[in-house]
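For reference, the structure is listed below as structure tokens.
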Amino acid sequence: MNNIIFENPNSLLTYCFDTSLSPMLHIHKEVELIYVIEGESYAYASQKEYLLKKDDLFINFPYQIHRYQTTVEGKFMIMVFPPEILFSMSHVFTDNIPESNVINSEHITSLIYKLMAEDKSFFHNNIVYGYLNLIMRNALRYITLLPLTDVKISSIENILNFCINHYREDLSLDIVSKSVHINKYYISKTINNLLNLSFKEFINSLRVIEACELLKNTDKSIINISEEVGFGSLRSFNRAFRAMLGKTPREYRKKL
């Protein structure tokens with residue numbers, strides 16, 4: 001099952017390399033960087049789709065729901081870190097989301113390769129933080145920021161966690177509001193500001209992600225999958241699936 005994972009990394013900075021990127025839909029309070037050294041992958045953030053190619057830098061802001069679908073395995077640099085380690089820039093990442101999450105800049109590529117070339121010396125962590133701040137400061141020159149307003153993280157966690165645990169049910173703004181004791185208009189506005197999704201689109205995205213796993217890993221019929229993940233009718237399932245992935249469930253399974 002491919003639920004949204006609400007992550008809370010234990011280390012201050014995660015810095016690693018992998019041949020592919022996780023298809024799991026996830027969300028966390030940290031900034032996440034993906035740099036493509038080799039290979040290709042789709043990245044999905046706030047209902048937008050990007051095809052990441054060599055030298056692309058994907059920046060996911062805190063609390064943006066995101067996932068990946070690697071199409072060509074290669075080498076991907078992955079960095080996950082709290083915005084607080086960015087000197088004088090942390091508020092930029094906690095108070096905004098980007099209009100586009102992808103940057104391709106020769107100057108940023110040069111900085112990333114210098115970072116990767118650093119030896120594991122006694123001062124390695126300090127050097128990594130230094131380069132990271134340079135990379136992010138330059139990246140902001142290429143990003144159009146969309147401000148987040150009236151967002152409280154504790155409220156966000158309550159809203160998201162409830163939706164994640166109950167999206168298979170007949171869920172409405174009224175039900176969520178009564179359950180988490182938060183005004184339904186605030187819930188709607190928060191989800192829209194934070195994820196660039198309406199409440200209905202957000203719930204449907206959770207259902208579609210699980211449906212993808214069931215289509216891929218089971219022989220269950222499409223109508224049974226539709227009912228299992230919470231859609232009231234096959235028609236609404238097909239409509240939501242096509243809106244999110246550009247194809248019907250049947251076309252998705254046939255392609256697999």
Quiz item: Taking K and R as +1 and D and E as -1, what net charge do the other residues with C-beta under 9 Å from the C-beta of Val229 add up to?
Solution: -1
Quiz item: Which lysines does Lys254 reach when only Cα atoms under 16 Å apart count, and residues fewer than 8 places away in its own chain are ignored?
Solution: Lys216, Lys220
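Where the eigenvalues come from the Cα gyration tensor of region 155-230, what are the semi-axes √(5λ) of the equivalent ellipsoid, largest first, in whole Å?
26, 12, 9
May I ask which of Lys54/Lys247; Lys29/Lys75; Lys48/Lys200 have a Cα-Cα span longer than 22 Å here?
Details: Lys54/Lys247 27 Å; Lys29/Lys75 25 Å; Lys48/Lys200 16 Å.
In this structure, Lys54/Lys247; Lys29/Lys75 lie more than 22 Å apart at Cα.
For region 51-127, calculate the relative contact order in percent as a whole number, restricting contacts to Cα pairs under 8 Å that are 6 or more residues apart.
41
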Practice problem: Taking the dipole about the Cα centre of the chain, with the C-beta of Lys and Arg at +1 and of Asp and Glu at -1, give me whichever of His28, Ala45, Leu115 is farthest to the positive side. | Solution: Ala45
Self-check item: Signed unit charges on C-beta, dipole axis of the chain, positive-most listed residue Asn60, Tyr185, Leu86
Solution: Tyr185
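Give the relative contact order (percent, whole number) for region 200-256; include only Cα pairs under 8 Å separated by 6+ residues. Write out the running numbers ahead of the final one.
Working: 44 pairs, mean separation 19.8, N = 57.
About 35 percent, as a whole number.
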Self-check item: Cut-off under 5 Å, modelled amide H: who pairs with Lys75 long-range
Solution: Ile37, Glu38, Gly39
Exercise. Step through the residues of region 230-244 one at a time and calculate ³J(HN,Hα) from phi using the Karplus curve (6.51 cos²θ - 1.76 cosθ + 1.60, θ = phi - 60°), rounding each to whole Hz and writing x for Gly and Pro.
Key: x, 7, x, 8, 5, 4, 5, 4, 4, 5, 5, 5, 5, 5, 8
Practice problem: At 0.36 nm per residue, minus the direct Cα-Cα distance, what do Asn193 and Tyr42 gain on full extension? Give it in nm, one decimal, please. | Solution: 52.0 nm
Quiz item: In terms of modelled amide H atoms, which long-range or inter-chain residues lie less than 5 Å from the amide H of Met24?
Solution: Tyr68
Quiz item: Hey, got the Cα dimensions of region 12-128 along the principal axes, in Å, largest first?
Solution: 40, 33, 25
Exercise. With the cut-off at 33 Å, report for the chain the share of all Cα pairs above it, as a whole percent.
Key: 23
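What's the magnitude of the charge dipole for the chain around its Cα centre, counting Lys and Arg as +1 and Asp and Glu as -1 at the beta-carbon? Answer in Debye, nearest 20. Intermediate results must be reported in sequence, preceding the final value.
Working: 27 positive and 28 negative charges, 151 e Å.
Result for the chain is approximately 720 debye, rounded to the nearest 20.
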Quiz prompt | Residue-averaged [θ]222 nm for the chain, counting only DSSP H segments that reach four residues, each worth -39500 (n - 2.57) | solution = -13500 deg cm²/dmol
Quiz item: Averaged per residue, what accessible area in Å² does region 185-224 show with a 1.4 Å probe, protein chains only?
Solution: 43
Practice problem: Could you size up the charge dipole of region 11-100 around its Cα centre, putting +1 on the beta carbon of Lys and Arg and -1 on that of Asp and Glu, and report it in debye to the nearest 20? | Solution: 100
Exercise. Please report Rg over Rh for region 126-256, where both radii come from the alpha carbon positions and Rh follows the Kirkwood definition.
Key: 1.09
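The values are calculated or read from the model by the stated rules, or taken from the named source; none is laboratory data. Here the structure is a predicted model, which is why all the values come from computation and not from measurement. Quick reminder, even Gly has a Cβ in these numbers, built from the backbone with ideal geometry, and neighbours come from all protein chains shown. Remember, those area values only see protein heavy atoms, side chains included, never the ligands or the DNA or RNA. Shrake-Rupley method; radii C 1.70, N 1.55, O 1.52, S 1.80 Å.
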